[in-house]
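Structure first, then comments.
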Amino acid sequence: MSIQRADPQERRKLILIVVVMALLGGLAIFWVQGQLGAMQAQIAGGQVDLALAQFTTMVSVALALLVLTGSALAAMVAVGARRVIREQRYPHSGTRLIRDVEVRQGAAAVRIGRLGLALACVIALSTAIGSVLAWRLLIKFDY
């Protein structure tokens, strides 16, 4: 049994990414709250069409970010899974880990790689289906 050791630099990078994403998420929440307040004021002032246009734009941007994020995540998982299958080694040789992992080879690694490909398909399909359904619901607001 062999162990692939964790990379301490990768741990620090992950912590930095999580902190930055949490800050960006908080800023996005404050921005959306401000926009919703402005839309309520516009509706109260009788500018319903302007508020609806702003709402549609805001939701369209959110859906575009959903598609972009889901597609990027699915692609990253699929690329890693294909490398695992090709090398018949999990984790594949180029992986930088945040924790120690037991190396699996042969059929067990290929099985993990195929599960990774299935996960990538599920991520891509759920992103596509979810965004299409949300877009169809958003279009109903235009009438």
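Taking the condition of being part of a helix (DSSP H, G or I) and over 18 Å from residue 72 (Cβ atoms), how many residues in the range 103-117 meet it? Please lay out each step first, then the result.
Taking the range 103-117 and keeping what is part of a helix (DSSP H, G or I), we get 107-117.
Now narrow it down to the ones that are over 18 Å from residue 72 (Cβ atoms): 107-115.
Summing the residues that are part of a helix (DSSP H, G or I) and over 18 Å from residue 72 (Cβ atoms) in the range 103-117 gives 9.
Quick one: how many residues across the range 74-96 are surrounded by 14 or more Cβ atoms within 10 Å (Cβ to Cβ) and either over 23 Å from residue 11 (Cβ atoms) or among the hydrophobic types (A, V, I, L, M, F, W, C) (or both)? So that I can check it myself, show each step before the final result.
Initially, the range 74-96 is screened for residues surrounded by 14 or more Cβ atoms within 10 Å (Cβ to Cβ), giving 74, 77-78, 80-85, 87-92, 95.
Narrowing further to those that are either over 23 Å from residue 11 (Cβ atoms) or among the hydrophobic types (A, V, I, L, M, F, W, C) (or both): 74, 77-78, 81-82, 84-85, 87-88.
Here the count works out to 9.
Report whether or not residue 129 is assigned to a helix (DSSP H, G or I), surrounded by fewer than 15 Cβ atoms within 10 Å (Cβ to Cβ) and of a type in the set (A, V, I, L, M).
Here the answer is yes, as residue 129 does meet what is asked.
Please go through the range 90-108 and pick out each residue that is without any contact (Cβ under 8 Å) to a residue 40 or more places away in the chain and under 25 Å from the mean Cα position of the chain (by Cα).
So the first thing to find is which residues in the range 90-108 are without any contact (Cβ under 8 Å) to a residue 40 or more places away in the chain, and the list is 90, 92-94, 104-108.
90, 92, 93, 94 - these are the residues of the range 90-108 that are without any contact (Cβ under 8 Å) to a residue 40 or more places away in the chain and under 25 Å from the mean Cα position of the chain (by Cα).
Which residues, taken from the range 76-102, are of a type in the set (Lys, Arg) and not in a helix (DSSP H, G or I)? Give the derivation first.
First, the residues of the range 76-102 that are of a type in the set (Lys, Arg): 82-83, 86, 89, 96, 99.
Within the range 76-102, 89, 96, 99 qualify.
Within the range 79-94, does at least one residue satisfy the condition of being at negative phi and touching an Asp or Glu at 6+ places or on another chain (Cβ under 8 Å)? Please lay out each step first, then the result.
Within the range 79-94, the subset at negative phi is 79-87, 89-94.
Retained after the next criterion (residues that are touching an Asp or Glu at 6+ places or on another chain (Cβ under 8 Å)): 93.
Yes - at least one qualifying residue is present in the range 79-94.
Would you mind finding the one in 116, 70, 45 that is of a type in the set (Gly, Ala, Ser) and either free of Cβ contacts under 8 Å to residues at least 24 places away in the same chain or touching a Cys at 6+ places or on another chain (Cβ under 7 Å) (or both)?
45 is the lone residue from the list that is of a type in the set (Gly, Ala, Ser) and either free of Cβ contacts under 8 Å to residues at least 24 places away in the same chain or touching a Cys at 6+ places or on another chain (Cβ under 7 Å) (or both).
Which pairs have Cβ atoms under 7 Å, sit 6 or more apart or on different chains, and link a residue in the range 2-19 that is in a helix (DSSP H, G or I) to one that is surrounded by 10 or more Cβ atoms within 10 Å (Cβ to Cβ)?
Close Cβ pairs satisfying both conditions: 10/96; 10/97; 10/98; 11/98; 14/98.
Working only within the range 44-73, note down all residues that are aliphatic (A, V, I, L, M), over 14 Å from residue 134 (Cβ atoms) and surrounded by 14 or more Cβ atoms within 10 Å (Cβ to Cβ). Don't jump to the end; show me each part of the working.
Looking only at the range 44-73, we keep the residues that are aliphatic (A, V, I, L, M), and these are 44, 48, 50-53, 58-59, 61-68, 72-73.
From what's left, over 14 Å from residue 134 (Cβ atoms): 44, 48, 50-53, 68, 72-73.
Hits for the range 44-73 are 50, 51, 52, 53, 73.
Laboratory data are not the source of any read-out in this text; all were calculated from the coordinates shown. Everything quoted here is computed from the prediction, not taken from an experiment. Here the Cβ is made from the backbone with ideal geometry for all residues, glycine too, and neighbour counts use every protein chain on show.
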